[in-house]
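Q: The structure follows.
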Amino acid sequence: MGNETITEPSRQTPVYGEFDVVVVGGGPAGIMAAAAAARAGGTALLIERYGFLGGAGTAGGLSTFCGLHARTYGQDVRVIRGLADELLERLVKLDGLNAPHLTIADGIAAQAFDISAYKIAADELVTGSGARILFHAMAVGAVLAPSGAIDAVLIESKSGRQAVRGRFFIDASGDGDLAYWAGVPWEKAPPIDGMMYPSLMLRINGVDVGRAGPAPWRTVERLMEEAEAAGTHTFPRKKPIVRPQRNPLEWRANLTQLRRADGGAIDGTDVDELTRGELIGRQQALDAFTFIRDRTPGFEDSYIVDIAPQIGIRETRRIIGPYQLTEEDVLGCADFDDTIGVNGWPVEAHVAGTVEFRWQWRERGFNQLPFRIMLPGTRADGRPAANLYVTGRCASMTHGAQSAARVTGPCFVMGEAAGTAAGMALSAGVAGDAIDVTGLQRQLEDQGAFLGRSAPEAVL
Ligand SMILES: Cc1cc2nc3c(=O)[nH]c(=O)nc-3n(C[C@H](O)[C@H](O)[C@H](O)COP(=O)(O)OP(=O)(O)OC[C@H]3O[C@@H](n4cnc5c(N)ncnc54)[C@H](O)[C@@H]3O)c2cc1C
């Protein structure tokens, strides 16, 4: 596309409303941020571009929670607690949660969920906490006060363009959209040999459970390797993840890898690349499904029941805050004085053609997540973004650390901490980086969160 621009007429933008805390993005981080902010006592609005919550978990069709557990001293234990406990309880009531299963060569536990049940459970958790949700509204810009604080988020929807005013803002957009508009420092890994590749998820139904046997995911991987060795097929990615859902008639498949024409990763902040990703993703999904159906025992009468509404984006912008969590922190199970919770997931790097896993060196099996990774860094002009936290996969982490702590469990942790901290900043009348972190930690523990300062309870 060319560089031509047009000048839009200036306009008066109606104000949709004013809230104590405004959260952009209703993925795992945004769900928890909105619920926690509302429980802290203020008014909270959660703005989501789709008509449902869950982020990549629902819109990207993941249907598995990773990072809820850690392999700690040889035991698989759930280390993500607090509001996550309530969400999981709601999912159980909806009969929408599998028991945890071992994954990645049986090295760690993950937990499959039903996508529709997750949407409902998230609605209930957020609205039940007193937060309001605004669906079908895309945040498209920010208006800053002279101090550098955010005054309003601009949204576009079927109702037109509107502004949402807030006293505090939480960017849970996954892509750091609000941080970008607010002009705080961020980075993005290069598309070649850098940013992780996206995938398009699909679900397969009509599997003959008896014929498929106990572990057909190993069969699928072996058949793919054999076909590649025989030269009959080339797959976009090795290490497919093909697993049963709550009802084992239905399987989820994570085996595509979406590239630009030059081989680089599709960038989830570029609309042309997103479009290409959807087009090639559906073709890859169809090819992969056809291979599985034609070769895998038990899949003969299966069919694609769903291709995810959008390609799943693993990584785009990450802010550069006062501290960036590093891959060494993850692998070395680092501790931080300002811990807000933990990450037990290993580094899972989606590189060209495959997935690389790097495991924690220490037996404890989890690192603490510092509060500082949600704080925006200093702008070039020195003005602080004093009323902004950035949470979830776009928090201040290096590419390597984000390859681990981007999964759902740690995003729940960061979201709950951001919402709780925003409430504290407003009550105390201080900037986001000036809250009493010890008080935040106490509050999170009172809410049932696990901060990694003691041994975790043996909950699976
Ligand atoms: C293909 C794929 C497979 C994965 N598999 C797993 C898995 O099996 N298990 C697991 O735990 N994790 C998995 N992950 C990681 C997953 O991305 C994270 O767990 C998690 O969803 C990140 O949470 P988040 O809240 O930071 O962001 P997201 O989940 O990306 O949520 C961001 C939300 O913000 C909304 N949004 C974005 N921009 C705007 C805007 N401008 N205005 C309004 N709304 C906006 C989006 O619609 C979305 O709802 C996978 C990721 C991908 C891409």
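Q: Starting from the Cα-Cα distance between Glu226 and Leu249, subtract it from 0.36 nm times their residue separation and give me the gain in nm to one decimal.
A: Value of the extension gain: 5.7 nm.
Q: Cross-link partners among lysines for Lys119, C-alpha distance below 25 Å, same-chain residues fewer than 8 apart left out?
A: Lys93, Lys158
Q: Consider just the alpha-carbon atoms of segment 292-423 and return their Rg together with their Dmax, both in angstrom.
A: So, for segment 292-423, Rg and Dmax equal 18.1, 62 Å respectively.
Q: Residues of segment 402-430 with amide nitrogen under 14 Å from the 7 Å Cα-to-Cβ point of Arg358?
A: 402-405
Q: May I pose another question? Per residue of segment 335-351, what does 6.51 cos²θ - 1.76 cosθ + 1.60 with θ = phi - 60° give for ³J(HN,Hα)? Whole Hz please, x for Gly and Pro, Karplus curve as stated.
A: Going residue by residue, I get 10, 9, 4, 9, 4, 10, x, 9, 10, x, 7, x, 5, 10, 9, 8, 9 Hz, with x marking Gly and Pro.
Q: Hey, what's the Kirkwood Rh for segment 174-261 if you take every pair of different alpha carbons, in angstrom?
A: 16.0 Å
Q: While we're on this one: At a threshold of 8 angstrom on Cα-Cα distance, excluding pairs fewer than six apart, so keeping six or more, what relative contact order does segment 348-441 reach in percent?
A: Taking the mean separation of contacting Cα pairs over the length of segment 348-441, I get 25 percent.
Q: Kindly state, to the nearest 0.05, the FRET efficiency for Thr378 paired with Asp208, given R0 = 51 Å and r defined as their beta-carbon distance.
A: In this case the efficiency is close to 0.30.
Q: How big is segment 95-142 by Rg and Dmax over its Cα atoms, in Å?
A: Calculated on Cα positions, Rg and Dmax stand at 16.0, 45 Å.
Q: If R₀ is 60 angstrom, what is the calculated FRET efficiency for the pair Tyr73 and Ser159, using the beta carbon separation as r and rounding to 0.05?
A: Computed FRET efficiency for Tyr73 and Ser159 comes out at 0.65.
Q: Right, something else. Given an 8 Å cut-off on Cα distances and at least 6 residues of separation, report the relative contact order of segment 14-171 as a percent.
A: It comes to 33 percent, rounded to a whole number.
Q: At 0.36 nm per residue, and after removing the present C-alpha to C-alpha distance, how many nm does the segment from Asp287 to Phe135 gain when stretched out fully?
A: Difference between extended and current length: 51.3 nm.
Q: While we're on this one: Which lysines does Lys239 reach when only Cα atoms under 26 Å apart count, and residues fewer than 8 places away in its own chain are ignored?
A: Leaving aside lysines fewer than 8 places away in the same chain, those within reach of Lys239 are Lys188.
Q: To continue, here is another question. Which whole-number value in Å² is the accessible area per residue of the chain, probe 1.4 Å? The partial results should precede the final answer.
A: Details: 18440 Å² over 460 residues.
Heavy-atom SASA per residue in the chain reads 40 Å².
Q: Could I ask something else about it? Looking at the chain, what % of its DSSP beta bridges pair antiparallel, to the nearest 5? Each step should come with its number before you reach the end.
A: Details: 46 of 65 bridges.
Roughly 70 percent of the beta bridges in the chain run antiparallel, per DSSP.
Q: Give the accessible area for Arg11 in Å² (nearest 10); use a 1.4 Å probe, count only protein heavy atoms, and leave out ligands, DNA and RNA.
A: 130 Å²
Q: Now a separate question. Relative to the compact-globule scaling 2.2 N^0.38 Å, provide the ratio for the alpha-carbon radius of gyration of segment 132-174.
A: Computed over Cα atoms of segment 132-174, the ratio equals 1.17.
Q: Roughly how far apart, in whole Å, are the Cα centres of segment 46-83 and segment 261-299?
A: Using only Cα atoms to place each centre, the spacing works out to 23 Å.
Q: Extension gain Asp262-Arg295, at 0.36 nm per residue separation less the Cα-Cα distance, in nm?
A: Fully extending the segment from Asp262 to Arg295 adds 8.7 nm.
Q: Okay, next question. If you average the sequence gap of Cα pairs under 8 Å that are 6 or more apart and divide by the length of the chain, what percent do you get for the contact order?
A: Relative contact order comes out at 23 percent.
Q: Sort Thr7, Thr219 by heavy-atom solvent-accessible area, probe 1.4 angstrom, most to least.
A: Thr7, Thr219
Q: Could I have the simple spin-label model distance between Asp95 and Asp272, label points 7 Å from Cα toward Cβ, reported in nm to one decimal?
A: 5.0 nm
Q: Write down the radius of gyration of segment 364-460 and its Dmax, each obtained from C-alpha positions, in Å.
A: My reading of the Cα-based Rg and Dmax gives 14.2, 49 Å.
Q: In whole Å, largest first, what are the principal axis extents of the Cα atoms in segment 265-344?
A: Rounded to whole Å, the extents work out to 55, 35, 18 Å.
Q: Size of the chain along its principal axes in angstrom, Cα-based, largest extent first?
A: So the three principal-axis extents are 64, 58, 39 Å.
Q: Let me ask something additional. Tally up the carbon and sulfur contribution to the accessible surface of the chain as a whole percent, 1.4 Å probe, everything protein left in place.
A: Here it works out to 51 percent.
Q: Here's something else I'd like to know. Are there any helices in the chain, counted as whole DSSP H runs, that stretch 15 Å or more along their axis by Cα and score at least 1.0 on average by Kyte-Doolittle, and if so which?
A: 28-39
Q: So how exposed is Arg39, as accessible area in Å² (1.4 Å probe, rounded to 10)?
A: 110 Å²
Q: Amide H neighbours of Phe65 under 5 Å, counting only residues 5+ apart in sequence or on other chains, H built in-plane at 1.01 Å?
A: Excluding prolines and chain starts, which carry no amide H, the hits are Gln111, Ala112, Phe113.
Q: Out of every Cα-Cα pair in segment 48-150, what percent are more than 25 Å apart?
A: Tail fraction, whole percent: 34.
Q: Non-local amide H neighbours of Lys238 (under 5 Å, H modeled in plane, Pro and chain starts lacking H): which ones?
A: Thr354, Val355
Q: Whenever you get a sec, line up Asp433, Asp177 from highest to lowest accessible area (probe 1.4 Å, protein heavy atoms).
A: Asp433, Asp177
Q: While we're on this one: Helix-only mean residue ellipticity at 222 nm, the chain, DSSP H runs n ≥ 4 weighted -39,500 (n - 2.57), per residue, nearest 500. What is it?
A: My calculation for the chain gives -8500 deg cm²/dmol from helical runs alone.
Q: List the aspartates and glutamates whose Cα lies under 19 Å from the Cα of Lys238, skipping any in the same chain that are fewer than 8 positions away.
A: Asp106, Asp193, Glu221, Glu225, Glu226, Glu228, Asp287, Asp294, Glu348, Glu356
Q: Could you order Leu249, Leu258 by accessible surface area, starting with the largest, using a probe radius of 1.4 Å?
A: Leu249, Leu258
Q: Measuring from the lowest to the highest alpha carbon on each principal axis, how far does segment 104-261 reach, largest first, in angstroms?
A: Computed over the Cα atoms, the extents are 64, 41, 33 Å.
Q: If r is the Cβ-Cβ distance from Ser147 to Glu4 and R0 is 41 Å, what FRET efficiency results, to the nearest 0.05?
A: Result of the calculation: an efficiency of 0.75.
The values are calculated or read from the model by the stated rules, or taken from the named source; none is laboratory data. The model shown is predicted, which means the values in this text are computed figures rather than measured ones. All Cβ positions, glycine included, derive from the backbone under ideal geometry; neighbour counts span all protein chains shown. Keep in mind that these areas ignore ligands, DNA and RNA; they rest on the heavy atoms of the full protein, side chains included. Shrake-Rupley method; radii C 1.70, N 1.55, O 1.52, S 1.80 Å.
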